[in-house]
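*Asks:* Shown below is the structure under consideration.
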Amino acid sequence: MSGAELEKSNPDLSQDFAQVLGLIIGAQTRALRAVNRELIELYWQIGEYIFKRVDAAGWGQGTVRELAAWLKAQDPTARGFSAENLWRMKRFYEAYAVDSASYTKLSAVMTVLTWSHNLLILGKCKAVQEREFYLHTAAQQGWTTRELERQ
């Protein structure tokens with residue numbers, strides 16, 4: 001029986017079913033947010049690690065390329081860990097770690113937005129205040145990356 005047929009035959013049951021669907025959609029949305037938050041925190045940690053290794057052990061582009069290749073060999077299904085993206089993670093860390101008070105204030109907002117949002121803000125905004133404005137506004141307004149780029 002289709003949804004339209006069910007609604008005609010038993011509107012109360014259709015309403016009950018819609019509530020169950022609402023529960024499912026709500027749980028899926030919360031799960032996606034949790035995954036995104038964990039990914040952003042992972043990228044922060046990787047960026048911090050690379051930042052410290054560049055400083056302490058003299059890691060450079062060659063070493064980071066080797067790391068990317070090694071990660072790919074260890075887990076061929078893992079995506080997003082190219083040398084270029086690893087450097088982006090380092091830049092992400094550097095941009096906010098310079099001012100730890102700023103990071104503490106922005107960390108909750110940064111994890112609400114996707115990695116694409118964060119990269120766009122990082123690439124377009126040079127000043128911490130400017131990044132802070134766009135992080136908060138994009139999160140509050142629910143901007144897509146296209147809308148953020150347009151703004």
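*Asks:* Protein chains only, probe 1.4 Å: how do Phe81, Phe92 rank by accessible area, largest first?
*Replies:* Sorted descending by solvent-accessible area, the residues read Phe81, Phe92.
*Asks:* Output wanted: per-residue J couplings in Hz (rounded whole) for the range 74-88, from phi through Karplus 6.51 cos²θ - 1.76 cosθ + 1.60, θ = phi - 60°, x for Gly and Pro.
*Replies:* Per-residue couplings from phi come out as 6, 9, x, 7, 5, 10, x, 10, 5, 4, 4, 6, 4, 5, 4 Hz.
*Asks:* Let me ask something additional. To the nearest 10 Å², what's Val35's accessible area with a 1.4 Å probe?
*Replies:* 80
*Asks:* Quick check: net charge around Thr137, other residues with Cβ under 12 Å of its Cβ, Lys/Arg +1 and Asp/Glu -1?
*Replies:* Charge balance in the 12 Å sphere: -2.
*Asks:* What distance in nm lies between label points placed 7 Å from Cα along the C-beta direction at Asp75 and Thr137?
*Replies:* Inter-label distance under the simple model: 3.6 nm.
*Asks:* Go through (i) 20.8, 71; (ii) 14.9, 46; (iii) 16.2, 54 and flag the label whose value is the computed Rg and Dmax of the Cα atoms in Å for this structure.
*Replies:* The value computed from this structure is option (i).
*Asks:* Follow-up. Run the quick spin-label model on Ala27 and Glu130: label points 7 Å from Cα toward the beta carbon, then report their separation in nm to one decimal.
*Replies:* 4.5
*Asks:* Still on this structure, please answer the following. Measure out, as a whole number of angstrom, how far apart the alpha-carbon centroids of the range 78-96 and the range 114-148 sit.
*Replies:* Between the Cα centres of the range 78-96 and the range 114-148 lies a distance of 17 Å.
*Asks:* Of the accessible area of the chain, with the probe set at 1.4 angstrom, what percent is carbon plus sulfur?
*Replies:* Of the solvent-accessible surface of the chain, carbon and sulfur hold 55 percent.
*Asks:* Just to confirm, what accessible area per residue do you get for the chain at 1.4 Å probe, in whole Å²?
*Replies:* Roughly 66 Å² per residue, with all protein chains present.
*Asks:* Within the chain, how many Lys pairs sit with Cα atoms under 25 Å apart, leaving out pairs fewer than 8 places apart on the same chain?
*Replies:* So the count works out to 11.
The values are calculated or read from the model by the stated rules, or taken from the named source; none is laboratory data. From a predicted model like this one, the values you see are computed outputs, not experimental measurements. Neighbour counts run over all protein chains shown; Cβ positions are idealised from the backbone, glycine included. Remember, those area values only see protein heavy atoms, side chains included, never the ligands or the DNA or RNA. Shrake-Rupley method; radii C 1.70, N 1.55, O 1.52, S 1.80 Å.
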